[in-house]
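Following: one structure in structure tokens, then a few remarks.
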Amino acid sequence: MNVQEYMIQLGENARAAARLVAKADTNLKNQALLAMAGAIDSSRPALREANAKDLDNGRSNGLDDAMLDRLELTDARIDTMIEGLRQVAALPDPVGAITDLKYLPSGIQVGKMRVPLGVIGIIYESRPNVTVEAASLCLKSGNATILRGGSEAIHSNQAVAECIRQGLSAAGLPENAVQVVETTDREAVGQMITMPEYVDVIVPRGGKGLIERISRDAKVTVIKHLDGICHVYIDEQADKGKAVNVALNAKIHRYGTCNTMETLLVHANIAPEVLPELAERYQAVGVELRGCERTKALLPFINDATEEDWVTEYLAPVLAIKLVDDMDEAIRHINRYGSHHTDSIITENYTKSRAFLREVDSSSVMVNASTRFADGFEYGLGAEIGISTDKIHARGPVGLDGLTSEKYVVLGDGHIRQ
């Protein structure tokens with residue numbers, strides 16, 4: 001069987017499974033999710049062994065530190081996978097929920113019902129935990145899914161897939177409701193994104209090059225974000241302690257994530273109070289600082305920032321810093337150079353915080369909080385399928401509601417149109 005035949009087979013399996021999952025009751029779906037959590041917990045040695053193979057191969061193939069960090073399955077990340085499954089099981093089931101039901105003058109009732117999207121294709125790189133997150137959210141929202149992870153995580157993903165199959169089987173649901181592509185041939189991606197008869201939505205998670213390619217070539221609807229150029233703006237009326245703690249956490253908590261701060265904007269009036277301490281603490285952990293001319297006047301030992309730095313997602317211990325004269329200048333910078341992902345203001349001024357929330361055109365906008373919170377797990381979604389910076393259907397972390405659609409329902413009692 002060649003790659004095209006193989007992918008068509010997966011598509012046919014998924015379409016058949018989607019019909020069964022769409023009508024599965026909440027209890028069955030929750031049973032499967034909890035059984036998956038149990039299987040992962042009991043399979044820790046196998047998961048770590050499979051992951052070790054991928055890490056060894058990755059180092060041999062020259063993967064950079066950010067990619068290796070994404071690839072690694074630590075005990076803490078396995079715990080998070082298990083907790084994510086349990087959280088999704090505990091969440092309300094959106095499927096079948098009817099909202100906005102109202103009587104119209106004709107006597108009929110009209111409302112909207114949440115329904116699954118059908119078959120969702122997920123294409124992702126490095127992170128094996130995405131396999132669990134995607135499976136759990138797609139299943140709970142009544143969808144079948146085809147998962148195509150990166151070749152660098154093939155052993156880890158197959159080990160996780162076995163746990164997922166065990167969970168589905170234990171609940172009596174079709175194992176084909178979640179299928180992990182077993183070939184590393186890149187042609188599989190090209191096939192998946194051009195099979196609208198089998199796949200209803202594509203969600204790419206990975207580098208900008210991957211997402212640009214899928215957005216360009218797909219014949220299936222795509223939910224995506226290209227990159228995460230996230231900002232923290234420290235206002236002149238910020239609390240210094242909050243500003244320092246948030247700006248540090250937003251950058252150094254993890255470097256290789258899309259919600260990590262890449263540009264720090266600081267009001268010129270507060271810069272002398274916060275920047276020297278921040279620079280010292282950033283440099284103590286090895287963060288390279290690049291600044292505008294005004295920043296360098298305060299921190300002459302840092303590197304020059306160029307125009308390219310304002311549009312770069314480093315995914316590394318590098319931070320660009322720019323001084324601004326007011327909040328309006330900060331907002332203009334964010335809306336021009338940002339990727340509409342996540343941006344935060346640090347201020348004690350209520351009026352400014354409300355204006356920032358209204359005027360920054362991003363999928364997540366925050367006040368006095370680290371950009372690292374822009375995550376489905378932290379938002380109480382249990383897990384996320386990805387981040388969307390699109391402006392229709394789903395925006396921000398995509399959880400259960402983002403994997404469903406709505407259809408109108410009409411309730412009558414023999415009503416006819418006059």
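The values are calculated or read from the model by the stated rules, or taken from the named source; none is laboratory data. Quick caveat: nothing in here was measured; it's all calculated off a predicted structure. A quick note on method: Cβ atoms are made from the backbone with ideal geometry, for glycine too, and the neighbour counts reach across all protein chains shown. The protein model used for the area step is the full one, side chains on, heavy atoms only, and it has no ligands, DNA or RNA in it. Shrake-Rupley method; radii C 1.70, N 1.55, O 1.52, S 1.80 Å.
Amide H to amide H under 5 Å from Glu288: which residues, 5+ apart in sequence or cross-chain, H placed 1.01 Å off N in plane?
Answer set, sorted by chain and number: Val318, Leu319.
Can you tell me the 0 to 90 degree angle between the C-alpha axis of helix 350-359 and the longest principal axis of the chain, rounded to 10?
Rounded to the nearest ten degrees, it is 60.
Calculate the dipole size of the stretch 226-368 relative to its Cα centre from +1 charges on Lys and Arg beta carbons and -1 charges on Asp and Glu beta carbons; express the result in debye to the nearest 20.
My answer is approximately 340 debye.
Assign one of three labels to the stretch 97-200, namely rounded, prolate or oblate, based on the Cα gyration tensor with a ≥ b ≥ c the square roots of its eigenvalues; rounded applies when a/c is under 1.5, prolate when it is not and a/b is larger than b/c, and oblate otherwise.
Working: a/c = 3.13, a/b = 2.06, b/c = 1.52.
Since a/c reaches 1.5 and a/b is larger than b/c, the shape of the stretch 97-200 is classed as prolate.
Mind listing the phi-derived Karplus ³J(HN,Hα) values for the stretch 236-246, rounded to whole Hz, using 6.51, -1.76 and 1.60 with θ = phi - 60°, and x for any glycine or proline?
Working through the residues one at a time gives 5, 9, 7, 6, 4, x, 5, 4, 5, 5, 5 Hz.
Working out 0.36 nm times the residue gap between Asp185 and Leu28, then minus their Cα-Cα distance, what length gain in nm do you get to one decimal?
Stretched out fully, the Asp185 to Leu28 stretch lengthens by 53.1 nm.
May I have the extent of the alpha carbons of the stretch 1-53 along their three principal axes, as whole Å values ordered from largest to smallest?
Principal extents (Cα only, largest first): 36, 33, 10 Å.
Pull up all non-local amide H partners of Met261: gap of 5 or more, or a different chain, and H-to-H distance under 5 Å with H placed in the peptide plane.
Lys251
Let me check against my output: what whole-number percent is the relative contact order of the chain, with C-alpha pairs under 8 Å and at least 6 apart?
19
From the Cα gyration tensor of the chain, with a ≥ b ≥ c the square roots of its eigenvalues, which class applies: rounded if a/c is under 1.5, or else prolate if a/b is larger than b/c, or else oblate? Before the final figure, lay out each step's value.
Details: a/c = 2.12, a/b = 1.39, b/c = 1.52.
Oblate is the answer for the chain, as a/c is 1.5 or above yet b/c matches or exceeds a/b.
Each residue of the stretch 305-320 in turn: what ³J(HN,Hα) in whole Hz from Karplus with 6.51, -1.76, 1.60 and θ = phi - 60°, glycine and Pro shown as x?
Values, residue by residue: 8, 10, 4, 5, 5, 5, 10, 10, 8, 6, 6, 7, x, 9, 9, 9 Hz.
Based on the Kirkwood radius over alpha-carbon pairs, what value in µm²/s does the Stokes-Einstein equation return for the translational diffusion coefficient of the stretch 1-147 at 37 °C and 0.692 mPa s?
The diffusion coefficient I find is 185 µm²/s.
Calculate the spin-label point distance for Arg254 paired with Ala90, positioning each point 7 Å from the Cα along the beta-carbon direction, and give it in nanometres.
Label at Ala90, label at Arg254, 2.0 nm between them.
Ignoring ligands, DNA and RNA, please state the percent of accessible area on the chain from carbon and sulfur, probe 1.4 Å.
On the chain, the fraction of accessible area on carbon and sulfur atoms equals 48 percent.
What percent does the relative contact order of the stretch 222-281 come to when contacts are Cα pairs within less than 8 Å and at least six residues apart?
Values: 66 pairs, mean separation 27.4, N = 60.
Dividing the mean separation by the residue count of the stretch 222-281 yields 46 percent.
Run the reach check for Lys23 against lysines, Cα to Cα strictly under 17 Å, same-chain hits fewer than 8 apart removed. What comes back?
The qualifying lysines are Lys140, Lys407.
Can you tell me the orientation of helix 129-140 relative to the chain, as the angle in degrees between its alpha-carbon axis and the longest Cα principal axis, to the nearest 10?
50
How long are the semi-axes of the ellipsoid equivalent to the stretch 317-392, from square roots of 5 times the Cα gyration tensor eigenvalues, in whole Å, largest first?
Computed over the stretch 317-392, the values are 22, 15, 13 Å.
Set Lys and Arg Cβ to +1 and Asp and Glu Cβ to -1, take the dipole of the chain about its Cα centre, and tell me which of Val115, Ile82, Asn30 lies farthest positive.
Among Val115, Ile82, Asn30, the one farthest towards the positive end of the dipole of the chain is Val115.
Pairs Lys242/Lys296; Lys29/Lys224; Lys53/Lys224; Lys219/Lys322; Lys29/Lys112; Lys208/Lys240: which are spaced more than 32 Å apart, C-alpha to C-alpha?
Pairs exceeding the cut-off: Lys219/Lys322; Lys208/Lys240.
What's the angle, to the nearest 10 degrees (0 to 90), between helix 208-217's Cα axis and the longest principal axis of the chain?
Once rounded, one gets 40 degrees.
Report, for the chain, the % of DSSP beta bridges that are antiparallel, rounded to 5.
Percent antiparallel among DSSP bridges in the chain is about 25.
Taking 0.36 nm per residue of sequence separation and subtracting the Cα-Cα distance, how much length would be gained by fully extending the chain between Thr221 and Thr306, in nm to one decimal?
Separation in residues times 0.36 nm, less the Cα-Cα distance, equals 27.0 nm.
Can you give the helix-only mean residue ellipticity at 222 nm for the chain, where every DSSP H stretch with n ≥ 4 adds -39500 (n - 2.57) and the sum goes over all residues, rounded to the nearest 500 deg cm²/dmol?
The helix-only estimate for the chain comes to -13000 deg cm²/dmol at 222 nm.
At what distance in angstrom do the alpha carbon centres of the stretch 103-146 and the stretch 318-336 lie from each other?
37
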